[in-house]
Structure formats: C-alpha cells, structure tokens
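Notes follow once the structure below has been shown.
The values are calculated or read from the model by the stated rules, or taken from the named source; none is laboratory data. Computed from a prediction, not measured in an experiment: that's the story for all the values here. With ideal geometry, Cβ positions are generated from the backbone for all residues, glycine too; neighbour counts draw on all protein chains shown. To get the accessible areas, we keep the full protein, side chains included, count just its heavy atoms, and leave off ligands, DNA and RNA. Shrake-Rupley method; radii C 1.70, N 1.55, O 1.52, S 1.80 Å.
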Amino acid sequence: MSHPNQILKNEQLLDKLYGYQDSIESNALNVHIYHLRQKLEPQLIQTIRGVGYMFKVPETES
C-alpha cells in the first residue's frame with residue numbers, strides 16, 4: 001500500500017515478508033494475497049501475470 005499503482009515483483013514482496021530465507025513454500029505469497037483480498041476490496045490488488053502484484057488506488061470522483 002505504500003507504493004500505490006506500482007508493480008511490485010514477487011521477489012520484492014517475498015523479501016519483505018520473509019527476508020532471504022530459502023525454505024519458503026512456493027504458494028506462500030499467493031496465500032497472503034488471497035487473504036488480503038478477502039479483507040480489502042478484491043479489485044484493489046491486481047495480479048500482473050508473470051511479474052507480481054499492484055495495489056490499485058481507486059479514482060475518486062470530484
């Protein structure tokens with residue numbers, strides 16, 4: 001959320017979550033994203049296939 005509308009690579013997110021550990025399950029990030037989507041509005045987190053994720057800030061109407 002501190003980097004809205006920017007694509008964050010999977011590697012960047014894993015490093016922030018776990019540091020440089022070697023024993024991370026392959027779907028750990030997907031599970032975290034799934035739970036975030038349940039707590040937030042699902043359309044706020046967009047999957048950029050093969051790259052990572054983006055937190056999409058909704059446009060406000062003036």
Is it the case that some residue within region 32-41 is out of contact with any Lys or Arg (no Cβ under 7 Å at 6 or more places or on another chain), exposed (fewer than 13 other Cβ atoms within 10 Å of the Cβ) and not in a helix (DSSP H, G or I)?
-> yes
Matching residues, region 20-31, being open to solvent by 90 Å² or more (accessible area, probe 1.4 Å) and either on the phi > 0 side of the Ramachandran plot or of a type outside the set (Ser, Thr, Tyr) (or both) | 21, 22, 25
Within region 11-37, how many residues are closer than 15 Å to residue 55 by Cβ and of a type in the set (S, T, N, Q)?
-> 1
Restricted to region 1-14 and to residues being among the polar types (S, T, N, Q), assigned to a loop (DSSP other than H, G, I, E, B) and at pLDDT below 90, the residue surrounded by the fewest Cβ atoms within 10 Å (Cβ to Cβ) is 2
Looking only at region 1-38, count how many residues are in contact (Cβ under 8 Å) with a residue 40 or more places away in the chain and of a type in the set (Lys, Arg).
-> 1
In the set 44, 17, the lone residue that is surrounded by 10 or more Cβ atoms within 10 Å (Cβ to Cβ), modelled with pLDDT of 90 or more and touching a Leu at 6+ places or on another chain (Cβ under 9 Å) is 44
